[in-house]
Amino acid sequence: FGGEDADHGDDAGHDDHGGADEADHEHEDDGDHDHAGATGADETQADETQAEEAGHDHAHTGVDPHVWLSTGNARAWLGVFAETLAARDPENAAAYRANAQDAVAELDALDARIAARLAAHQGAEIVTFHAAFGYFTEAFGIEVVGSVRPGDASAPSAAALDALRDLVAEHGVECAFAEPAYDPGLLDTIAGGTGLRIGTLDATGSTQV
């Protein structure tokens with residue numbers, strides 16, 4: 001285009017609140033136990049957590065950094081840019097404001113073209129390579145059900161990829177999208193045997209649709 005947790009309750013240690021002697025006895029027993037299984041448990045929980053996140057990339061709890069994929073954001077920036085420049089260079093203030101208005105008109109036309117092309121796909125569910133397209137898909141009525149990579153740098157676990165394959169089957173997802181900057185091999189792994197069609201989305205705008 002040129003524009004996503006599980007709660008882990010911990011009930012351990014809260015099942016019994018007997019007398020102080022019993023509590024001391026239990027504490028001593030715990031001191032004798034080794035922690036050989038801790039690493040395995042931690043790894044299992046990490047895999048489960050990543051698998052859950054694979055299907056919820058569109059529900060970011062933090063700030064989505066891919067702000068340039070929103071024409072609404074761009075409109076807001078243009079106004080700020082124009083007024084900032086006008087304040088610093090009053091002689092050319094009218095030109096800055098006129099240029100900003102022209103750019104807003106171009107964004108309006110772009111929105112209209114994209115909306116027309118995607119009108120037949122309102123409510124469609126897709127998979128993306130990484131969670132970059134939340135602003136864009138929200139603006140145009142597309143739902144991202146999951147992403148191969150939860151972020152720009154993190155690699156998915158085997159459990160996360162299995163979970164994403166399950167989501168593809170559960171939601172009847174027909175399209176997944178690679179990105180020019182990433183190796184699409186992981187998407188091919190997910191798509192294998194599913195009939196999933198793979199296209200390309202470019203979050204940096206180096207290609208045009």
Problem - Estimated distance in nm for a label pair at residue 155 and residue 110, the labels positioned 7 Å out from Cα along Cα-to-Cβ - result: 3.5 nm
Practice task
Enumerate the calculated ³J(HN,Hα) couplings along segment 103-111 in order (Karplus 6.51 cos²θ - 1.76 cosθ + 1.60, θ = phi - 60°), each rounded to whole Hz, writing x wherever the residue is Gly or Pro.
Solution key: 5, 4, 4, 5, 5, 4, 5, 4, 4
Practice task
Search the structure for amide H atoms under 5 Å from the amide H of residue 177, placed 1.01 Å from N in the peptide plane, and list their residues when 5 or more places away or on another chain.
Solution key: 127, 128, 129, 199
Problem - Rough spin-label spacing in nm, given labels placed 7 Å along Cα→Cβ, for residue 124 and residue 174 - result: 0.8 nm
Problem - Ranked by how many other beta carbons lie within 10 Å on average, peptides 167-175, 108-116 from highest - result: 167-175, 108-116
Problem - Model label zone, residue 97; criterion: amide N under 11 Å from point 7 Å along Cα-to-beta-carbon; scope segment 63-91 - result: 83, 86-87
Fill in the blank from the handout: Which residues qualify? For residue 194, with a placed amide H closer than 5 Å and at least 5 residues away or on another chain, they are none
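Just so you know, all these numbers are worked out from the coordinates, no wet-lab data involved. Note that the structure is predicted; figures quoted are calculated from it, not measured. No Cβ is skipped: glycine too gets one built from the backbone with ideal geometry, and neighbour counts run over all protein chains shown.
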